[in-house]
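Bear in mind these aren't lab numbers, they're just calculated from the coordinates by the rules spelled out. Predicted model, so just to flag it, every value in this text is computed and none were measured. For neighbour counting, all protein chains shown are included, and Cβ atoms are generated from backbone atoms with ideal geometry for every residue, glycine included.
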Amino acid sequence: MAQRGAIVAFEQVSKRYPGGTTALDQLTLTVPSGEICALVGPSGGGKTTALKTVNRLIEPTSGCVLIDGTDVMSVQAVALRRRIGYVIQNVGLFPHRTVAENVATVPELIGWRHDRIRARVDELLDLVGLDPAKYARRYPAQLSGGERQRVGVARALAAEPPVMLMDEPFAAVDPIVRERLQDEFLRIHERLGMTVLFVTHDIDEAIKMGDRVAVLQAGRLVQYAPPAELLERPANDFVAKFVGADRGLKRLSLIAVADLDLRKVATARVGAPVTRGEDPYVLLLDGDRRPAGWVNLERVRSDVLDASMADPSSPLFTRETRVRDALSALMAKGVRNGVVVDDAGRYEGIVALDDLVSLLGRQG
Amino acid sequence: MTSGEPLVRWDWIAGHLDEIALRLGEHVELAGIAIVVGLAIAFALSLFVLRFGWLEQPTTFVTGTLYTIPSLALFALLIPYTGLSILTAEIGLVGYTLLILVRNIVGGIRSVPAEVREAARGMGYSGPRLFWEVELPLALPVIVAGIRIATITTIGLVTVTALIGQGGLGYLILIGIQRFFSTPLLVGAVLSVALAIAADGALVIVQRALTPWSREPQRVRTPDRAEPGLIPPPP
């Protein structure tokens, strides 16, 4: 069910209200097809207003929003909205309809055949991790907050929209569920490749979710850049303050362990005879090359290495582990080295605390 | 009541079953017409109030005033124009339903959560479909609650229409009073109460059938943390 995205372009979009408030001031930015653009900023910054000008829930006072070059104001509002996925903070599931009926909303509106709708509903529920047999016939009141959010995402994806608007979609669930929903959504996005505008007030969420982050303040676009650039070179004091004093640390969450040059150390197999080299420490591996821990050869009294001698205090990382998580794991355990393993748990290399700290020092 | 007379003479009841059935039928008809017509008018009024907010105060004022006029006085006022007709009876009965019905229809539609409305609009519902397919079904519990109150009130009130010759269970009560004869009076009163209770019960069943989603949710909720993890835990 691959679908493609569309280019969403704001051109000098302004929204002024009769009272004189300016919600959006000359917003110009382009979201490339298939990217996630995180709109972030303090409340009243204009991010939700910007989002709603795309599906015409708010109509700009001046300027225009283009989807693949077509001015949204030139399309009938109802038809436009049926081609744009929409997820809001409180989900807004229809309480009087079952999960399956909720997901089927837009396909029903645009008149898909019933068997096609049924197949699509099952496919989507699977996609968001809800077992159709178990959930399809439940009412929203019978779901947990996280389950409702998943149904909300499934409903927005139903008619394969090239553009998806998400207004603080995960703000109402607890942090653990939120993180899981974020990860799952990124996975879904990787598969489907639609263009996403994602409003959040949480800079960490913006950095995690956005291919690019647009920072809005008082209706104006202050900076529009990929997360790494935003953290490295904030456009002004406001952005620097907004991304936080720990932006150096935050940047480490954009880098995976695999992006570093891994160190190699002396290793030895369990059951191998003890042979002393110049480095007294070796990493003991089992028969499948899975690390068992460190052995100080100078203290080994027997002739053969066995697993009970190993000190397993080094944390294990995968290639995908974020550098920030690696750093905090090393500091929490009070050790200098972490062991990187592949998907099967086999030894790949070593990450040293010193490497991570020097990385931290190298950036602004 | 005549002394020595028992409170209820069962032989009178046995001998007047046809009459009692006739009056009960008239009662149901009078009340039924009033509810159906009242609902139709209240629905139309509510649409206007929802569309044009400024109409709310005048509507509440007029329907509220209608509600406060004593029924006997209202019938007396209407007789010069509409005579001792069923129309006179129904104008009064319908008038009394409007305040409750309009209030509950408008209130029910307005109680639809804002995020539900926003999500519906954002997904491409047109105005009329939003109303019929989302707002109205969600307002049903509140609307049916209004219909229940209006129905009970109307069934009680129909007894008064016997005074302008429209029959109903009020007719039995009336002859009981006129003849100092407690049996028909009690039959009329008891049947009127029983009818109200039965109608209310029927409406509860109708509402349950129409709004399966609003029943006490069976708590099959699982806590979020127990959801199946799709992302492997960090090593």
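List the GluC sites (Glu not before Pro) within segment A:276-364 that fall in a DSSP loop (any state other than H, G, I, E or B) and whose Cβ has at most 14 other Cβ atoms within 10 Å.
On the way: sites: A:E278, A:E298, A:E320, A:E348; in loops: A:E278, A:E320.
Sites meeting the loop and neighbour criteria: A:E278, A:E320.
What angle do you read, to the nearest 10 degrees and between 0 and 90, between the alpha-carbon axis of helix A:114-127 and the longest principal axis of chain A?
It is inclined by approximately 40 degrees.
With loop defined by DSSP as not H, G, I, E or B, and exposure as at most 13 other Cβ atoms within 10 Å, which is the longest segment of chain B clear of exposed chymotrypsin sites (Phe, Trp or Tyr not before Pro)?
On the way: sites that count: B:F52, B:F180.
The longest such stretch corresponds to B:53-179.
Pick from A:P226, A:P32, A:P273 the residue whose mean-square fluctuation is largest in a GNM of chain A, springs joining Cα atoms under 10 Å.
Per the Cα network of chain A with a 10 Å cutoff, A:P273 tops the list.
Work out the charge dipole of segment B:16-212 with +1 on the Cβ of Lys and Arg and -1 on the Cβ of Asp and Glu about the Cα centre, then indicate which of B:Y125, B:F75, B:T161 is farthest towards its positive end.
After comparing all options, I get B:Y125.
Let me know the Rg and Dmax you get for segment A:113-184 when you use only its Cα atoms, in Å.
Just the Cα atoms of segment A:113-184 yield Rg and Dmax of 12.5, 39 Å.
In deg cm²/dmol and to the nearest 500, what is the mean residue ellipticity at 222 nm of the protein assembly as shown if only DSSP H runs of at least 4 residues count, each as -39500 (n - 2.57), divided by the residue total? The partial results should precede the final answer.
Numbers: 23 runs with 282 residues, N = 599.
The helix-only estimate for the protein assembly as shown comes to -14500 deg cm²/dmol at 222 nm.
Which angle between 0 and 90 degrees, to the nearest 10, do you get for helix A:145-157 versus the longest principal axis of chain A when only C-alpha atoms count?
Around 60 degrees separate the two axes.
Pick from A:Y139, A:Y281, A:Y86 the residue whose mean-square fluctuation is largest in a GNM of chain A, springs joining Cα atoms under 10 Å.
So, out of A:Y139, A:Y281, A:Y86, the one fluctuating most is A:Y281.
By its C-alpha gyration tensor, with a ≥ b ≥ c as the square roots of the eigenvalues, how is segment A:230-315 shaped: rounded for a/c under 1.5, else prolate for a/b larger than b/c, else oblate?
Values: a/c = 4.05, a/b = 3.81, b/c = 1.06.
Since a/c reaches 1.5 and a/b is larger than b/c, the shape of segment A:230-315 is classed as prolate.
For helix A:353-362, what angle does its Cα long axis make with the longest principal axis of chain A, in degrees from 0 to 90 and rounded to 10?
40 degrees
Can you tell me, using C-alpha contacts under 8 Å and at least 6 residues apart, the relative contact order of segment B:16-212 as a whole percent? Working shown, then result.
Values: 221 pairs, mean separation 52.9, N = 197.
Relative CO of segment B:16-212 lands at 27 percent.
For chain A, with a Gaussian network of springs between Cα atoms less than 10 Å apart, report the residue from A:A158, A:A50, A:A292 with the top mean-square fluctuation.
Most flexible of the set in this elastic network: A:A292.
Counting pairs of Cα atoms in segment A:164-288, how many percent are more than 16 Å apart? Please report the intermediate quantities before stating the final value.
On the way: 5551 of 7750 pairs.
Cα-Cα pairs in segment A:164-288 separated by more than 16 Å: 72 percent.
Mind jotting down the distance between the C-alpha centroids of segment A:273-334 and segment A:149-165, whole Å?
Rounded to whole Å, the Cα centres lie 46 Å apart.
Under a cut-off of 14 Å between alpha-carbon atoms, report the aspartates and glutamates in cross-link reach of A:K250, not counting same-chain residues fewer than 8 places apart.
A:D202, A:D204, A:E205, A:E229, A:E232, A:D325
Of all DSSP beta bridges located in the protein assembly as shown, what percent are antiparallel, nearest 5?
If we restrict to bridges inside the protein assembly as shown, about 55 percent are antiparallel.
Among rounded, prolate and oblate, which fits chain B when a ≥ b ≥ c are the square roots of the eigenvalues of its C-alpha gyration tensor, a/c under 1.5 means rounded, and a/b larger than b/c means prolate? The partial results should precede the final answer.
Numbers: a/c = 3.84, a/b = 1.84, b/c = 2.08.
Since a/c reaches 1.5 but b/c is at least a/b, the shape of chain B is classed as oblate.
Hey, got the Cα dimensions of the protein assembly as shown along the principal axes, in Å, largest first?
Dimensions of the protein assembly as shown along the principal axes of its Cα atoms: 125, 63, 43 Å.
Once a ≥ b ≥ c are taken as the square roots of the eigenvalues of the Cα gyration tensor of segment B:13-71, is the result rounded (a/c under 1.5), prolate (a/b larger than b/c) or oblate (a/b not larger than b/c)?
Working: a/c = 8.39, a/b = 2.75, b/c = 3.05.
Oblate, because a/c is 1.5 or more while a/b does not exceed b/c.
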